1. Tell me what the chain gives for mean residue ellipticity at 222 nm when only DSSP H runs of n ≥ 4 count, each as -39,500 (n - 2.57), the sum divided by the residue total, rounded to 500 deg cm²/dmol.
2. Say we join alpha carbon atoms closer than 10 Å with springs in a Gaussian network model of the chain; which of A59, A35, A112 then has the biggest fluctuation?
3. Using amide H atoms built in the peptide plane, which far-off residues or other-chain residues are under 5 Å from Y62 H to H?
4. Please compute the modelled spin-label separation between I127 and Q111, points set 7 Å along Cα→Cβ, answer in nm with one decimal.
5. Suppose all protein chains stay in the model; what accessible area per residue would a 1.4 Å probe give for segment 4-101, in Å²?
6. Which whole-number percent is the relative contact order of the chain (Cα, under 8 Å, 6+ apart)?
7. Beyond 19 Å, what share of the Cα-Cα pairs of the chain remains, rounded to the nearest whole percent?
8. Quick one: if you stick a label point 7 Å off each Cα along the C-beta vector at K9 and F97, how many nm between them?
Amino acid sequence: MCFEIRPSKLSDIGAAYQLDQISFEVDAWTMLDYAGVFSFPGVKKFTAIVDAKLVGFAAAEYDPQRKAVCLMTLAVDPQYRKKGIGFALLKQCEDAFPQKHFYLNVDIENQAAIRLYEKAGYQRTGIEPAYYRNGHDALIMEK
Ligand SMILES: CC(C)(COP(=O)(O)OP(=O)(O)OC[C@H]1O[C@@H](n2cnc3c(N)ncnc32)[C@H](O)[C@@H]1OP(=O)(O)O)[C@@H](O)C(=O)NCCC(=O)NCCS
């Protein structure tokens, strides 16, 4: 299966939002969140495409307070997972910034994502207790 990764376009917003809704059981972003992500010039966004369909989306921005790039979101269509798309989107986000310090929060029970980040070289550096609406802790990971 071939996939393409390209910078996101404003016309991706609806499909990216739909993907978010099916990817995150709790704390899915609202359309207002997506409007912000697609409006702020500092947010770098990437879309994975298979057969002209959006199958993955990732966004990241530099956080001047932490002096590190925050990986804001990453999701792949359930039908296209385990094919390297998530890893490729993550690398594309990293490559888009001159800064080379990255961080993210991930649900401590999300083994698929935690393994992906570990494969990409991220380390567990902290915990935010009860960070998610379902009461799960967030694991902070950094590279
Ligand atoms: C997490 C997610 C983005 C991974 O996307 P993906 O395209 O399936 O990931 P990849 O195929 O690139 O996998 C890369 C590595 O991640 C790990 N991984 C991915 N899915 C996994 C799973 N279900 N179980 C265990 N490890 C997994 C593996 O180490 C894999 O490497 P390998 O194929 O060499 O074993 C995807 O499962 C998803 O969209 N989940 C819902 C949204 C989400 O949780 N996003 C992360 C928020 S922090």
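The values are calculated or read from the model by the stated rules, or taken from the named source; none is laboratory data. Here the structure is a predicted model, which is why all the values come from computation and not from measurement. Every residue, glycine as well, gets a Cβ built from its backbone with ideal geometry; the counts of neighbours run over all protein chains shown. These accessible areas exclude ligands, DNA and RNA; they are computed on the full protein's heavy atoms, side chains included. Shrake-Rupley method; radii C 1.70, N 1.55, O 1.52, S 1.80 Å.
1. Values: 4 runs with 40 residues, N = 143.
That calculation yields -8000 deg cm²/dmol at 222 nm.
2. A112
3. C70
4. Between Q111 and I127, the label points sit 1.8 nm apart.
5. Numbers: 5270 Å² over 98 residues.
Accessible surface, normalised per residue, equals 54 Å².
6. Numbers: 242 pairs, mean separation 27.2, N = 143.
Value for the chain: 19 percent.
7. Numbers: 5104 of 10153 pairs.
When every Cα pair of the chain is considered, 50 percent fall beyond 19 Å.
8. Taking the two extended label points, one gets 2.7 nm.
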